[in-house]
1. To one decimal in nm, how far is A:S92 from the same spot in the other copies, if labels go 7 Å from Cα toward Cβ? Please give the shortest first.
2. Quick one: with label points 7 Å out along Cα→Cβ, list the inter-copy distances for A:L19 in nm, shortest first?
3. Average partner chain C-beta neighbours within 10 Å, per residue of A:78-86?
4. Between the stretch B:126-146 and the stretch A:149-167, how far is it from one alpha carbon centroid to the other, in angstrom?
5. Return the inverse of the average 1/r over all pairs of distinct C-alpha atoms in the stretch A:111-231, which is the Kirkwood hydrodynamic radius, in Å to one decimal.
6. Highest GNM mean-square fluctuation, chain A, Cα pairs closer than 10 Å: which of A:E106, A:E232, A:E204?
7. Which whole-number percent gives the relative contact order of the stretch A:5-106, counting Cα pairs below 8 Å spaced six or more residues apart?
8. So for A:R244, A:R153, what's the accessible-area order with a 1.4 Å probe, most first?
2 protein chains.
Amino acid sequence: MTISVGQVLDFLTAPVGELDGTVDTLKSGSRDEAVRGISVAFTATYDVIRRAVASGSNLIIVHEPTYFNHLDETDWLSGDPVYERKQSLIASSGVSIFRLHDYIHEYKPDGIVEGMLSALGWEAYADPDEPTLLTLPQDAGRTVRSIAEEAKRKLGIASVQVAGNPELPVARFGLAVGAPGGRAQMAYLREKDIDLLIAGETNEWETNEYVRDAMDMGLSKAMIILGHQKSEEAGMRTVVKLLRDAFPALPVELLEIPSALRRI
Amino acid sequence: MTISVGQVLDFLTAPVGELDGTVDTLKSGSRDEAVRGISVAFTATYDVIRRAVASGSNLIIVHEPTYFNHLDETDWLSGDPVYERKQSLIASSGVSIFRLHDYIHEYKPDGIVEGMLSALGWEAYADPDEPTLLTLPQDAGRTVRSIAEEAKRKLGIASVQVAGNPELPVARFGLAVGAPGGRAQMAYLREKDIDLLIAGETNEWETNEYVRDAMDMGLSKAMIILGHQKSEEAGMRTVVKLLRDAFPALPVELLEIPSALRRI
């Protein structure tokens, strides 16, 4: 039985219904194409596309933009050598690339958060009504530093950034994956009575300075910044699982990628 | 002779003339106040305000926002414990806080870039018409890594982030301080025929991924991310120098601050 790109996308968006103004669009390829294999990745880097095509996939499901901006606008990139080469690889391979960002965050529960909690082994700490809000067992004796070390180990991160006191005891904390914006991050710290916010990515002049001031005031607030990629990548395992269950005849692989940055 | 806050601000903005829609406003205090001393800092953290007041300053000149957002809007912070305590310290101290951001970047040359080039000892490399564009002496034998190490040492940064190959030879590079946005950073890499962009702060899904793709394509492009604060803080020495020359009777101090983040 042939499964089309459109059928796979309809399956992935069905739990939410149709979203208006979403960035979750087909960035290349066609809904009518017959799917031979699916690669799932955090983002469609040049290398991810090459690896996906080499492994026989003709559909790539990613969480982040392909063309270096949230809306995947390309007019401004016309003539850019990086863009042109990437576009040429995409066109010659005929691969379909679909961004699954807004929809998966609208799953109940959020599919990225669900995958991250599983990767971190923190499901038991999560509030059933608000899975990003985590409460540790009484007398767990955890600190910002010990949680940072656990996240590094479980997510394969070389190092994380910490604002506030690493030795601060933590009873409740929030897991705000990705880059929801400074106001959302600060609102979480303010409204949820948490000691620690685990963030994906921040703007320095926003949440970082808020936490610095809070610490200078003697308030019990700290933040761990995992990096955007590592704060969401393991969440894409949710997609792999859903696709394997729904389309058992199709090869579905997860392409994990190293961080784009190294620390020197 | 009494010097008012307004006189100091007029002096600092005079080289540019009046800018429309600028974020460079008086965040607290009054133009009519007589200045007793001036503290210059990257940003008015809670601790900076306390230190400035303790040292006798009643005017603080900063580069970044005071209330954790670019426009220094405060409605959304009403009732927030961090905001309320900061506001209370500012009000009780009577200190005037002025943001000098847009104006100093409009100085000819850009006052922040001028201060950074001086701190880095890179004035001789700078293109006279475009001081952020740096050309190393022929056969200097420099690499991304050696430039990263030099920047760390001269700016007092514990570590920097690098995208691309640290061993890439560098002949020409750009110094894009602060967070000018992904499109500006990518345009610089595309249009200026540079091997390396030194950035202050990026969004992960923008310039980081552009450089990752360029590297995967075998193009000679790399990026060093200094962190926003350390990419501009030494630039505020320009302000200290200008104020000391213009107002020799006034005490003017630079309050340097550690990074808000540590790496674990």
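1. Counterpart label points of A:S92 in the remaining copies fall at 6.8 nm.
2. A:L19 label point versus its equivalents elsewhere: 3.5 nm.
3. Numbers: counts 0, 1, 7, 6, 14, 4, 0, 6, 5.
Per residue, the average neighbour count from other chains is 5.
4. 35 Å
5. Details: mean 1/r = 0.0710 Å⁻¹.
Its Kirkwood hydrodynamic radius stands at 14.1 Å.
6. Taking springs between Cα atoms under 10 Å, the residue moving most is A:E204.
7. Numbers: 148 pairs, mean separation 39.8, N = 102.
Contact order relative to length: 39 percent.
8. Numbers: A:R244 125, A:R153 165 Å².
From most exposed to least exposed: A:R153, A:R244.
The values are calculated or read from the model by the stated rules, or taken from the named source; none is laboratory data. Since we're looking at a predicted model, the values are computed, not measured. Every residue, glycine as well, gets a Cβ built from its backbone with ideal geometry; the counts of neighbours run over all protein chains shown. These accessible areas exclude ligands, DNA and RNA; they are computed on the full protein's heavy atoms, side chains included. Shrake-Rupley method; radii C 1.70, N 1.55, O 1.52, S 1.80 Å.
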